[in-house]
Amino acid sequence: MGANQNGIPKSAMVIMAHPDDAEFTVAGTVAKWAQAGCEITYVLCTSGNAGTQEPGMTRDQVAAVREEEQRAACRVLGAKQIVFLGHDDGILQPTLELRRELVRQIRRFKPEAVITGDPTALFEGDEYINHPDHRAAAQAAVDAVTPAAALPRLWPEDGEPHRVRYVYVSNAHKPNVWVDITNTIEQKIVALRQHKSQMGDWDPAEMIRNWAAETGKEKGLAYAEVFRRMTLEPPPGAESQ
Ligand SMILES: [Zn+2]
């Protein structure tokens, strides 16, 4: 079977642009899956090295702080591996080079599911224009998943081909999966608070609860995260579902 009976994959890779992206968006799902035994790897394209207003810090210093914050957040969530690809923050592009780096990580960790953002998300609501790095990371992620990672003749020196079964696109416009995060929303908030350099004096708890409550309302869930799940190959024996 692909996913187990709770619909939770055995392994998952979270591919995002910056430290804190996953905590804002998908961390309730990450914590829930980790609790169920899912092996979770983060791959972050940048270390957020432009993400500070503080004067006098070098980019390397900012990156080091943010990587440490991300490690702390992953400990809270139970995500065991983190890979930092080290691209510069603010200028990420969905290049072939980035696609290839992601293919290498997908072939290395062989995740059953990949969680990423929506590369087509540009205008969200009427107050937020999506960060170009978020779109670039998501575009490179889906392009790495399919078909690149599964092609034996593409970049064979970067590992054995691997077919990802599920892509969970966070906050996509045509969602089809609502993950109940009622039991892990507090973990999500604690994980997000680990990104101290980004939070300043602001506490994200209320905003996170409001988002998750709004998302869950449609399905009668106290708190939820929403995805468009793409199933790239039906798990064996799942034809009747
Ligand atoms: Zn971000």
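The values are calculated or read from the model by the stated rules, or taken from the named source; none is laboratory data. Predicted model only: the values in this text are computed from it and were never measured. Positions of Cβ are backbone-derived with ideal geometry, glycine not excepted, and every protein chain shown enters the neighbour counts.
Has region 114-127 got any residue that is in contact with a Gly (Cβ under 9 Å, 6 or more places away or on another chain) and buried (at least 17 other Cβ atoms within 10 Å of the Cβ)? Checked against the condition, which is being in contact with a Gly (Cβ under 9 Å, 6 or more places away or on another chain) and buried (at least 17 other Cβ atoms within 10 Å of the Cβ), region 114-127 yields no hits at all. Among residues of region 33-59 that are of a type in the set (K, R), those with a beta-carbon under 9 Å from a residue that is buried (at least 20 other Cβ atoms within 10 Å of the Cβ) and modelled with pLDDT under 95 at least six positions away or on a different chain give the pairs R59/N49. Restricting the first member to region 161-180 and to residues that are surrounded by fewer than 16 Cβ atoms within 10 Å (Cβ to Cβ), and the second to residues that are not in a loop (DSSP other than H, G, I, E, B), the beta-carbon pairs closer than 8 Å and six or more apart or on different chains are R163/A149; R163/A150; H173/R228; K174/R228; N176/F227; N176/R228; N176/R229. Any residue at all in region 184-199 that is modelled with pLDDT of 95 or more, surrounded by fewer than 19 Cβ atoms within 10 Å (Cβ to Cβ) and of a type in the set (S, T, Y)? Within region 184-199 (the criterion being modelled with pLDDT of 95 or more, surrounded by fewer than 19 Cβ atoms within 10 Å (Cβ to Cβ) and of a type in the set (S, T, Y)), the answer is no, since none of the residues qualifies.
Scanning region 92-139 for residues that are within 16 Å of the ligand (Cβ to nearest atom), free of Cβ contacts under 8 Å to residues at least 40 places away in the same chain and either touching a helix residue (DSSP H, G or I) at 6+ places or on another chain (Cβ under 7 Å) or of a type in the set (A, V, I, L, M) (or both) returns P119, L122, I129. Per the listing N171, N176, the residue uniquely touching a strand residue (DSSP E or B) at 6+ places or on another chain (Cβ under 7 Å) and within 16 Å of the ligand (Cβ to nearest atom) is N171. Within region 81-138, the set of residues being under 20 Å from W155 (Cβ atoms), part of a strand (DSSP E or B) and of a type in the set (A, V, I, L, M) comprises V83, L85, V114.
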